[in-house]
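To keep things clear, I will list the structure first and then write my remarks on it.
The values are calculated or read from the model by the stated rules, or taken from the named source; none is laboratory data. On a predicted model such as this, the values are computed, not experimentally measured, just so you know. Note that we place each Cβ from the backbone using ideal geometry, even for glycine, and neighbour counts take in every protein chain shown.
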Amino acid sequence: MNKQTILSYSNFNALTKDVLELAKEIMPDKVIYINFLNRDLQVTLRVSKHETKVHVEEGYTIPVEYAICNTLDYQNGTPLVTEDITQLDFDEKVKKTIEDSNIKAYLGIPISFKSGERFGTLCAAHDEVRPFESKDVNLLQSIANLFSYYLELEHIAYKDALTGLFNAHFLVNRHQEMLESGGFILMLDLDYFKEVNDRFGHDVGDMVLQEVANKLNSITDQFKDAYAVRLGGDEFLLYVKDELTPQEMTTLIHDLIAKLKVWESPIADLGLSTSIGAFPYLKGDFEEFTGVLKKADTLLYRAKNKGRNNFILEIK
């Protein structure tokens, strides 16, 4: 999961604002902030207004091995509560973050999805040694639990159950923003995917689709603002909002084609590959997002008609 996934959730901004305001009512003397973590990075998503000398701000990003929040017990959901975090035993990377952030009093409450995948933490901190009352910690824990319920509902509504990618309903919710922003659209499907199900069964077919999702995520993670969507069956959409040069678009496509020729899934010598239709567009090029999808679909099938393991990139 990446930062773009979280920020794309509807009402995320409004909800995090409410979470911070509620938490500040409970701990008015401390800075309250929400961190997001994946396997590589920690990103500070939201920070309350505060008068402390804690150095934390929205958008602050560090490698996950430097993160205090990475040391929390997400499996059991156990908060880390300390009046003076400088007295605890961490490795040198985390100690550097504590020093750079000028934190002493610290509370970190783990937030995870029902699947066990971690989201991040709800944190409270101060630059001086300060106590945390048990009742206040419990109240913040309740707020964090409510926040995790919201994340779970968003996950169910906008994510494909098999692959974890966004689903078609997500496009309904986001299509106007994507239309007005412009971007780079790539549509793909797998060449002769039906043979996977016919020869190896639907369980293996599902494994292949999950592997596609992982490879698409490895692409979107390279960009500031990008999404991968499972449209249905073995058809997928990739959207990149970042402005790309023609060479960058071509490199992205070649990278994806290469990734989708090598499989860990047990499909023997089937030689599964992909066909891709792609093009950039600007704000105003299309009146409806259905026009974007129709053009991508047309380019995809032009690529398939050229033969498997091929692509069409149309640039004006």
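Values for this structure:
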| read-out | value |
| --- | --- |
| Test: residue in the stretch 125-137 that is touching a strand residue (DSSP E or B) at 6+ places or on another chain (Cβ under 9 Å), surrounded by fewer than 18 Cβ atoms within 10 Å (Cβ to Cβ) and of a type in the set (Val, Ile, Thr) | yes |
| Residues that are surrounded by fewer than 17 Cβ atoms within 10 Å (Cβ to Cβ), modelled with pLDDT under 70 and assigned to a helix (DSSP H, G or I), drawn from the stretch 1-17 | GLN4, LEU7 |
| Selected residue [of a type in the set (Asp, Glu) and touching a residue at least 24 places away in the same chain (Cβ under 8 Å)] from GLU128, GLU133 | GLU128 |
| Answer residue from the stretch 250-294, given it is of a type in the set (Gly, Ala, Ser) and closer than 20 Å to GLY182 by Cβ and is surrounded by the fewest Cβ atoms within 10 Å (Cβ to Cβ) among those | GLY284 |
| Residue, nearest to LEU37 (Cα to Cα), within the stretch 90-114, restricted to residues that are among the hydrophobic types (A, V, I, L, M, F, W, C) and modelled with pLDDT of 95 or more | ILE109 |
| Subset tally (residues that are under 29 Å from the mean Cα position of the chain (by Cα) and of a type in the set (D, E, K, R)) for the stretch 293-311 | 3 |
| Failed condition for ILE143, given (1) farther than 30 Å from THR82 by Cα; (2) over 20 Å from the mean Cα position of the chain (by Cα); (3) modelled with pLDDT under 95 | (1) |
| Any hit, the stretch 222-234, residues being in contact with a Phe, Trp or Tyr (Cβ under 7 Å, 6 or more places away or on another chain), in contact (Cβ under 8 Å) with a residue 40 or more places away in the chain, of a type in the set (Gly, Ala, Ser) and assigned to a strand (DSSP E or B) | yes |
| Residue ID - nearest to ASN35 (Cα to Cα), chosen from residues in the stretch 47-71 that are of a type in the set (S, T, N, Q) and assigned to a loop (DSSP other than H, G, I, E, B) | SER48 |
| Residue identified as surrounded by fewer than 18 Cβ atoms within 10 Å (Cβ to Cβ) and under 18 Å from PRO110 (Cβ atoms) among LEU41, LEU80, LEU20 | LEU41 |
| Residue under evaluation HIS202, criteria (1) outside the structural domain of THR71 (by TED's automatic domain parsing); (2) free of Cβ contacts under 8 Å to residues at least 60 places away in the same chain; (3) within 24 Å of the chain's Cα centre (by Cα), criterion not met | (3) |
| Failed criterion for GLU211 (all others in (1) charged (D, E, K, R); (2) closer than 15 Å to LEU188 by Cβ; (3) surrounded by fewer than 18 Cβ atoms within 10 Å (Cβ to Cβ) hold) | (3) |
